[in-house]
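The values are calculated or read from the model by the stated rules, or taken from the named source; none is laboratory data. A quick note: this is a predicted structure, and the numbers were derived from the prediction, not measured. In this analysis, Cβ positions are derived from the backbone assuming ideal geometry, glycine residues included, and neighbour counts consider all displayed protein chains. Keep in mind that these areas ignore ligands, DNA and RNA; they rest on the heavy atoms of the full protein, side chains included. Shrake-Rupley method; radii C 1.70, N 1.55, O 1.52, S 1.80 Å.
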Amino acid sequence: MLENIDSIGLDFDTELQGVKDLKQLEEIRIKYLSRNGIVAGLFEQLKNASKEEKPRLGKELNALRNSVQEKFDNLKSSIEENSSEESSKIDLTLPGRNRIIGSKHILVQTLEEMKSIFKGLGFSVFEGPELESDYNNFTALNFPLDHPARDMQDTFFITEDFLLRTHTSPVQVRVMQKVKPPIRAIMPGKVYRNEAVSSRSLCVFHQIEGLYVDKDVTFAELKGTLISFARQFYGKDLSYRFRPSFFPFTEPSAEMDITCYLCKGKGCRICKHTGWLEILGCGMVDPNVLENAGVDPEEFTGYAFGMGIERTALLKNGITDIRLFVENDYRFLKQF
Ligand code: PHE
């Protein structure tokens with residue numbers, strides 16, 4: 001091998017030419033210059049050389065080692081220099097890329113505001129399932145068997161006995177079955193109706209239900225609670241009115257209207273020229289419902305109310321198309 005000192009130097013040169021990065025260079029260093037590398041191996045063999053040969057071979061070997069080392073060092077520093085040139089091409093003065101920071105959806109904001117007002121009035125939050133029994137959604141709430149709302153057109157039935165709840169009122173039944181009066185509960189959640197999607201209706205939307213059951217609860221308390229809510233939510237100076245209405249699960253029943261936010265009561269397209277906007281349904285819990293849910297109607301009375309969260313957010317913010325809530329258009333969402 002000692003005879004090949006020259007050709008080893010040539011091999012090293014060839015290999016060095018193929019090197020593109022520090023990793024490849026390091027592989028070559030290990031092959032030639034490490035403790036078990038080719039050059040060290042040659043020095044090892046030098047021990048066995050004859051006395052006469054040793055000085056010449058030793059000289060040649062030293063020269064090989066020095067030149068290999070030198071070429072290695074040169075290439076290494078030139079690779080390092082290039083890569084630092086590469087990084088100096090980054091322009092630190094360029095402005096950064098802006099990140100879009102998300103925000104709470106307007107429906108979430110609306111619901112949170114409602115919840116916090118009702119919490120202030122002494123209500124706690126309960127939730128029920130979206131897949132509900134026909135019994136809780138209709139029968140327990142005093143809907144007659146032939147009530148049109150059970151019709152396939154309005155209700156998504158899953159089986160004959162189970163459906164996607166059409167309102168949050170079945171949660172009233174669940175709460176009364178679980179909790180002994182006094183009960184003061186609000187129950188927000190998703191509801192489903194088999195309706196054509198338009199600017200005014202979606203087939204999935206949200207409601208918030210309220211229920212108060214205790215001894216001697218009166219309609220006056222119902223009105224007081226709802227007026228207090230509306231003043232906090234829509235503003236102190238709002239005008240309101242209660243209109244008689246009908247729901248199978250409340251008796252008597254009413255709907256609450258507030259002055260139209262757009263025309264201030266003068267009459268416009270949004271309020272259908274009445275000057276009023278309906279914001280919720282309410283009434284005294286029907287004694288049949290109390291009984292169906294295991295509450296003694298001789299001992300307790302109660303009131304209930306329910307309102308749509310999309311509808312409320314529409315009215316409050318002057319939005320005219322309910323579909324905007326689900327389209328996830330950033331230009332719409334970022335306004336709130
Ligand atoms: N559940 C009724 C609806 O979906 C609203 C309501 C709730 C009315 C409670 C009276 C009492 O329209």
TODO: Arrange the peptides 125-138, 14-27 so that the one whose residues have, on average, the most other Cβ atoms within 10 Å appears first.
DONE: 125-138, 14-27
Open item on the list: I'd like to know which of LEU61, CYS263, ILE38 lies farthest towards the positive end of the charge dipole of the chain, counting +1 on Cβ of Lys and Arg and -1 on Cβ of Asp and Glu.
Closed with: CYS263
Task: Cα centroid of the range 287-319 to Cα centroid of the range 208-237, whole Å - done: 11
Open item on the list: Within the chain, what whole-number % of the accessible surface is contributed by carbon and sulfur, with the 1.4 Å probe and all protein chains included in the calculation?
Closed with: 51
Open item on the list: Along each principal axis of its Cα atoms, how long is the chain end to end? Whole angstroms, biggest number first, please.
Closed with: 125, 46, 38
Task: Probe 1.4 Å, all protein chains present, accessible-area order of TYR234, TYR330, largest first - done: TYR330, TYR234
Open item on the list: Restricting to DSSP loop positions (anything but H, G, I, E, B) with no more than 11 other Cβ atoms inside 10 Å of their own Cβ, which trypsin sites (Lys or Arg not before Pro) remain in the range 102-155?
Closed with: none
TODO: Filter the trypsin sites (Lys or Arg not before Pro) in the range 159-260 down to the DSSP loop ones having no more than 11 other Cβ atoms within 10 Å, then list what survives.
DONE: LYS215, LYS236
TODO: Taking a cut-off of 19 Å between Cα atoms, list the lysines near LYS178, but don't count ones fewer than 8 places away on the same chain.
DONE: LYS215
Task: Cβ-isolated cysteines (cut-off 4.7 Å), the chain - done: CYS203, CYS282
Open item on the list: Suppose every Lys and Arg Cβ carries +1 and every Asp and Glu Cβ carries -1, with no other charges. What dipole size does the chain come out with about its Cα centre, to the nearest 20 debye?
Closed with: 1200
Open item on the list: Tell me the mean residue ellipticity at 222 nm calculated for the chain from its helices only (DSSP H runs of n ≥ 4, each -39500 (n - 2.57), averaged over every residue, nearest 500).
Closed with: -12500 deg cm²/dmol
Task: Inter-site label distance for LYS115 and ASP73 at 7 Å from Cα along Cβ, in nm - done: 7.0
TODO: At a 1.4 Å probe radius, which order do HIS147, HIS167, HIS273 fall into by accessible area, largest first?
DONE: HIS273, HIS147, HIS167
Open item on the list: Can you classify the range 183-295 as rounded, prolate or oblate using the Cα gyration tensor, where a ≥ b ≥ c are the square roots of its eigenvalues, rounded means a/c under 1.5, and otherwise it's prolate if a/b beats b/c and oblate if not?
Closed with: oblate
Task: GluC sites (Glu not before Pro) restricted to the range 190-223 and DSSP loop, no more than 15 other C-beta within 10 Å - done: GLU195
TODO: Give the accessible area for THR93 in Å² (nearest 10); use a 1.4 Å probe, count only protein heavy atoms, and leave out ligands, DNA and RNA.
DONE: 120
Task: Probe 1.4 Å, accessible area per residue of the chain, Å² - done: 59
